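Presented below is the structure to which this report refers.
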Amino acid sequence: MPNFLKDNPNWLAFRDRALRPAGAGLGRWRDNDPFIAAVRNPGRTEKIAAAITLLLILAIVLFLMLFDWNWLRGPIGRWASAKYDRQIELNGDLDVKLLSWTPSVQVRDLRIGGPDWARDRDTLKIADLQASARLRALLAGRIEMPLVAVTRPEVVLISTEDGRQSWKLNPDAPDTGEGLKLPPINRLVITDGKVSLDEQRRKIQLEATVSAREGSDGDAGFNLDGEGTINGTPLTLAVAGGPFINIRRDHPYGFRATLAGVGSRLEANGSITRPFDLGQFRATLSLQGNDLADLYLLTGITTPNTPPYRLSGTLTRDDAKFSFNKFSGRVGSSDLSGDLVVDKPGDRRRVDAVLHSNLLDIDDLASVLGGKPTVTPAGNTVVTSGQPGRLLPDAPLAVERLRTMDGSLKYTAAQVKRNELDIRKVELGADLDGAVLNLDPVAFTFNRGELRGTARINATRDTPYSAVDFRLRGYPLESIIPARGGAPTVTGSALGRAQLEGPGASIHDFAAASKGQLTVVVPQGRMRSAFAELLGINATAGLFRLLGGDESDVEIRCGVADFRVANGVATARTFVVDTTPVLAQGAGTIDLGAETMNLRIDGETKEPRLVRLWSPIVVQGPLTAPAVGIDTGSVVGQAGLAGLLGAVVNPLVALLPFVDPGLAEDANCGALISSAR
């Protein structure tokens with residue numbers, strides 16, 4: 001004892017008052033405890049109990065050493081078959097070794113049959129299975145497996161169109177979307193494995209070989225190679241990794257994977273963060289193909305139609321959540337970058353994306369709406385409706401794909417390549433919930449003006465039912481009516497609104513069955529005098545000014561075109577163009593289904609004109625190339641009347657049918673615009 005304690009009065013008092021009495025009490029308990037006393041001095045009873053215990057231990061050891069585990073094959077198979085409602089058999093020898101620091105089991109000729117609806121094909125057959133576990137880890141509540149060796153496994157995976165999966169032993173359990181999780185395996189050996197996949201919803205048939213070999217030669221490592229078909233086209237799959245030797249949970253396991261089919265190719269190079277936990281990995285993913293919509297067949301994720309694409313980014317998985325972050329590349333002739341997250345928070349998959357383009361080719365965006373894209377040798381995308389002479393795309397919407405997931409989209413294009421509509425920026429927002437797609441906003445910013453609106457597509461029906469509401473503000477008339485002779489025909493701004501709803505699987509079908517209203521208003525503007533005169537077929541004024549190169553203009557007091565739409569036919573309710581010299585009024589229809597127009601415009605002059613042809617202007621033909629002309633029947637009638645007057649009365653009187661006293665008055669523009677809005 002240190003000297004300073006010997007001389008310390010506090011220590012001496014603590015020793016005498018606490019430690020010595022406690023030691024004495026412990027000694028008395030030790031001497032009086034019956035168990036300790038029996039161990040020290042065992043009596044007859046204690047000796048008999050010890051002998052029985054030792055005999056039991058020896059009996060258990062001998063039982064485990066001599067027991068034929070094959071006797072349990074039948075009971076184990078019957079129990080498992082009843083529990084999982086499928087035939088499960090252990091047809092070969094069953095060998096169990098429990099008296100070891102690494103208990104092991106060997107099963108030969110294991111068969112797990114298919115469920116009731118797929119009994120003709122076994123889900124799993126294994127010729128030989130060996131597995132061992134560490135006893136110390138088991139006693140601590142963990143599973144660590146030094147070795148798993150599988151010889152000639154045959155796996156058959158069947159998924160039906162209604163979502164049944166043959167490999168699910170408990171089909172009533174909810175599908176959380178989490179990846180397969182196995183206990184840590186230090187050594188995994190797979191010899192001559194086969195995997196068959198029959199995915200009926202996406203029409204995938206795949207036959208693959210799988211092996212995991214030890215060693216240092218070129219054949220060592222994990223390899224899965226498969227070939228088959230997807231929707232009738234070739235499909236290939238390849239997955240490769242290093243040998244499963246000394247695998248540890250805290251050391252990522254690297255892999256490479258390639259999946260190619262339906263004109264698309266996906267390549268991943270990464271690692272499983274926690275080996276044998278397939279719900280956790282990180283990889284660089286590159287994908288390319290002819291149309292992003294084809295990825296639905298490979299991944300089950302609904303994507304829009306696009307021109308050919310090439311994208312790459314970082315793919316991570318956290319159980320049911322997949323993230324494709326900071327990806328970039330090109331779609332058609334446009335750049336595209338952003339982030340995409342695929343999750344399964346409940347019973348349905350959800351996809352959320354934030355996308356951006358620095359420079360957009362507007363034709364690439366038209367492909368999303370159902371247009372048919374073609375990439376030129378120069379790398380530009382040209383989109384058509386898919387049918388010659390048609391303006392509206394008729395590609396049907398894949399409603400069944402919209403029903404498989406929910407999600408949201410935000411897309412912006414900072415700039416747009418030069419285009420006929422003079423679009424400069426684009427902003428799109430979308431929300432899909434329960435097979436109802438809401439687009440808000442749909443916004444196009446022009447050099448002057450903006451088109452902004454919303455759309456709603458209800459895909460819960462066999463034929464989608466849609467409703468759109470778009471407003472046009474400040475769009476320049478110069479972009480609608482081309483210039484003549486280097487000078488603008490008209491100037492000013494247009495306002496408009498389109499409110500339509502109706503059924504239809506494509507944009508064309510929707511327009512052909514729609515109802516609602518189409519309105520265009522020009523509050524004010526300017527028009528070249530020659531064309532203003534020609535609205536009233538003022539031959540002397542209009543033609544002389546046009547042929548003489550007159551570039552003077554007159555005021556457009558207002559212009560209003562208000563159409564009511566029913567069954568895809570827009571009928572003019574109000575059609576007025578009021579200029580300083582001429583008041584023009586029109587009538588007619590636009591057939592959105594046939595994509596044709598039949599309009600008639602009658603002009604009246606506000607000033608006297610010597611030679612005026614009393615003939616309306618007619619606009620007829622397809623929307624893509626309407627023909628503009630005059631009603632020749634009216635002109636012939638006017639000329640016939642002039643000839644009759646000249647023969648009967650006086651040649652000067654023959655001019656009267658061509659004289660217009662100019663009695664037209666200004667339109668009430670305020671009332672017209674107010675009613676149209």
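The values are calculated or read from the model by the stated rules, or taken from the named source; none is laboratory data. These figures come from a predicted structure and were not determined experimentally. In this analysis, Cβ positions are derived from the backbone assuming ideal geometry, glycine residues included, and neighbour counts consider all displayed protein chains. The protein model used for the area step is the full one, side chains on, heavy atoms only, and it has no ligands, DNA or RNA in it. Shrake-Rupley method; radii C 1.70, N 1.55, O 1.52, S 1.80 Å.
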Within segment 79-94, of all residues that are touching a Lys or Arg at 6+ places or on another chain (Cβ under 9 Å) and open to solvent by less than 60 Å² (accessible area, probe 1.4 Å), the one nearest to Arg164 (Cα to Cα) is Arg86
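Let's see how each residue does on (1) free of Cβ contacts under 8 Å to residues at least 24 places away in the same chain; (2) acidic (Asp, Glu); (3) surrounded by fewer than 16 Cβ atoms within 10 Å (Cβ to Cβ); (4) over 20 Å from Ala505 (Cα atoms):
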| site | (1), (2), (3), (4) |
| --- | --- |
| Arg390 | no, no, no, no |
| Pro396 | no, no, yes, no |
| Leu402 | no, no, no, no |
| Tyr411 | no, no, no, yes |
| Ala414 | no, no, yes, yes |
| Asn419 | no, no, yes, yes |
| Ile423 | no, no, no, yes |
| Leu432 | no, no, no, no |
| Pro441 | yes, no, yes, yes |
Matching residues in segment 422-453 - criterion: being outside any strand (DSSP E or B) and either modelled with pLDDT of 95 or more or of a type in the set (A, V, I, L, M) (or both) = Ala435
Subset of segment 205-223 (residues that are within 37 Å of the chain's Cα centre (by Cα), surrounded by fewer than 19 Cβ atoms within 10 Å (Cβ to Cβ) and of a type outside the set (Gly, Ala, Ser)) = Gln205, Glu207, Thr209, Phe222, Asn223
Going through segment 230-272 in order, the residues found to be among the polar types (S, T, N, Q) and either open to solvent by 70 Å² or more (accessible area, probe 1.4 Å) or touching a residue at least 40 places away in the same chain (Cβ under 8 Å) (or both) are Asn231, Asn246, Asn269
Of (1) assigned to a strand (DSSP E or B); (2) modelled with pLDDT under 85; (3) among the basic types (Lys, Arg), Arg564 satisfies all except one. Which?
-> (2)
Pick from segment 302-326, criterion free of Cβ contacts under 8 Å to residues at least 24 places away in the same chain, farther than 20 Å from Ile362 by Cβ and not charged (D, E, K, R), ranking: least open to solvent (accessible area, probe 1.4 Å) = Ser323
Mind counting the residues in segment 109-138 that are closer than 16 Å to Val189 by Cβ and open to solvent by 40 Å² or more (accessible area, probe 1.4 Å)?
-> 2
Exactly one of Gly92, Gly114, Gly74, Gly141 is over 48 Å from the mean Cα position of the chain (by Cα) and part of a loop (DSSP other than H, G, I, E, B), and that one is Gly92
Within segment 91-105, is even one residue of a type in the set (Gly, Ala, Ser) and on the phi > 0 side of the Ramachandran plot?
-> no
Listed residues Val368, Val375, Val416; which is farther than 22 Å from Leu432 by Cα, at pLDDT below 85 and among the β-branched types (Val, Ile, Thr)?
-> Val375
